[in-house]
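Engineer: Have a look at this one before I ask anything.
The values are calculated or read from the model by the stated rules, or taken from the named source; none is laboratory data. Small disclaimer: the values here were computed from a predicted structure and weren't measured. With ideal geometry, Cβ positions are generated from the backbone for all residues, glycine too; neighbour counts draw on all protein chains shown.
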Amino acid sequence: MSVHDVDFGGMNYREVVLWVSKLTRRSYDNLYYCSIHESLAEDIRRIDNYANYFEFIEDGYMVKNELRMNVYIDHQNEPILDWTDKEMLTGDVVYELVEND
């Protein structure tokens, strides 16, 4: 999903929590973001308080990010941070490691 024309800089942390809940039509467990120029394993960051949200806004408004950020919503304790452990970086290509059960 891609969201445009939303001024996150004009919102505070609580307003974004409410906005994401309305967007997804349910509550969520965690909210993360990552620069569009970095891999998940290198740069994923959690937004769970006002300080984290302020960093998200600062990073998103950096010229290099072109007002764009990747945001990840954790539903029902989906292990998003575990995804970063499964990534194997090779050059600019990201491969996912598959575990045998």
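Engineer: So Tyr53 passes all but one of these: (1) loosely packed, with under 13 Cβ neighbours inside 10 Å; (2) in a helix (DSSP H, G or I); (3) among the hydroxyl-bearing types (Ser, Thr, Tyr). Which condition number does it fail?
Structural biologist: (1)
Engineer: Would it be correct to say that Arg25 is closer than 20 Å to Ile80 by Cα, loosely packed, with under 12 Cβ neighbours inside 10 Å and modelled with pLDDT of 85 or more?
Structural biologist: When the stated conditions are applied, Arg25 passes them.
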